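Below: one structure, written as structure tokens.
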Amino acid sequence: MKIYLASGNLHKKQEFQGIFNEHEIVIPADEGINFDPEETGDSFIANSLIKAEALWEITKQPVLADDSGICVDILGGLPGIYSARYSGRNSRQGASDGKKLQQEERNRLLLEDVAQEISIKNQENRFCRYVYAMVLYLSKDRFYAVQETMEGELIKDFSLAKGQGGFGYDPIVILPEYKKTVAELSAEEKNIISHRGKAGKKLQEFLEKVEASK
């Protein structure tokens, strides 16, 4: 089955192709489709549905869409859905001018923000989790949604960031049971234990049922 992925991220396309390896994953840019919907939802699922429906309206073909973020306990779950816009302690929901920082700068600022909060609350709490929502959109009246997490801890200092794999906050999130950052995981490891891998596996099962019911 040909499935459109509501993203312009080539790295994400590769990860999805690894999860849905029996299907052809296509992103809008592959076919010259201009696609940049405004994500105005108040949850990961809501943003996923916005993107899925927008691309389905263009292609009228099966669409996969997702939304994810990092939720930090000591920050009350922020930056959450604002993870891609996070601009530091005073702009946790994004800069007022709408400009986005480079990811490395976001990573550094998040660690500084958490360190300051730990100092204020006198509580050593670096627990965090990736939250990931994924939608398989077949039509306006037929879609499947799943949300999963991957638990971890933020590293103590930006100098400890490691790994060349992954993207986003991966180099600063460590998985204690693996003694690795998320960016140090192999693609195979990540597909098994990651929030995206777990959600993808569940939607694969739905997809198999969809295929079998034809």
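The figures follow:
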| quantity | calculated |
| --- | --- |
| Leading residue at positive end of dipole, the stretch 82-149 (Cβ point charges), from Val135, Asn107, Asn122 | Val135 |
| Residue-count net charge about Val131 - beta-carbon cut-off 13 Å; Lys, Arg +1, Asp, Glu -1 | -2 |
| Span-rule helices in the chain, defined as complete DSSP H runs reaching 18 Å or more along the axis (Cα) with Kyte mean at least 0.0 | 44-59 |
| Estimated inter-spin distance, Lys162 and Glu105, nm [label 7 Å along Cα→Cβ] | 2.8 nm |
| Long pairs among Lys12/Lys198; Lys121/Lys156; Lys156/Lys179; Lys12/Lys190; Lys2/Lys190, criterion Cα-Cα beyond 19 Å | Lys2/Lys190 |
| Positive dipole terminus of the chain, leading residue within Ile155, Gly168, Gly80 (C-beta point charges) | Ile155 |
| The chain: Rg to Rh, with Rh as the Kirkwood radius over Cα pairs | 0.98 |
| Net charge dipole size for the chain [Lys, Arg +1 and Asp, Glu -1 on Cβ; Debye, nearest 20] | 120 debye |
| The chain - percent relative contact order, Cα under 8 Å, separation 6 or more | 17 percent |
| Contact order normalised by residue count of the stretch 112-173, Cα under 8 Å, 6+ apart, percent | 26 percent |
| Residue-averaged [θ]222 nm for the chain, counting only DSSP H segments that reach four residues, each worth -39500 (n - 2.57) | -10500 deg cm²/dmol |
| The stretch 120-213, accessible area per residue, ligands and nucleic acids excluded (1.4 Å, Å²) | 53 Å² |
| Heavy-atom accessible surface of the stretch 59-127: percent carbon and sulfur, 1.4 Å | 43 percent |
| Those trypsin sites (Lys or Arg not before Pro) in the stretch 33-86 that DSSP places in a loop and that have at most 13 other beta carbons within 10 Å | Lys60 |
| Per residue accessible area of the stretch 1-101, 1.4 Å probe, in Å² | 48 Å² |
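The values are calculated or read from the model by the stated rules, or taken from the named source; none is laboratory data. Worth saying up front: this structure is predicted, and the values here are computed from it rather than measured. All Cβ positions, even for glycine, are placed from backbone atoms using ideal geometry, and neighbour counts span all protein chains on display. What goes into the accessible areas is simple: the full protein's heavy atoms, side chains included, and nothing from ligands, DNA or RNA. Shrake-Rupley method; radii C 1.70, N 1.55, O 1.52, S 1.80 Å.
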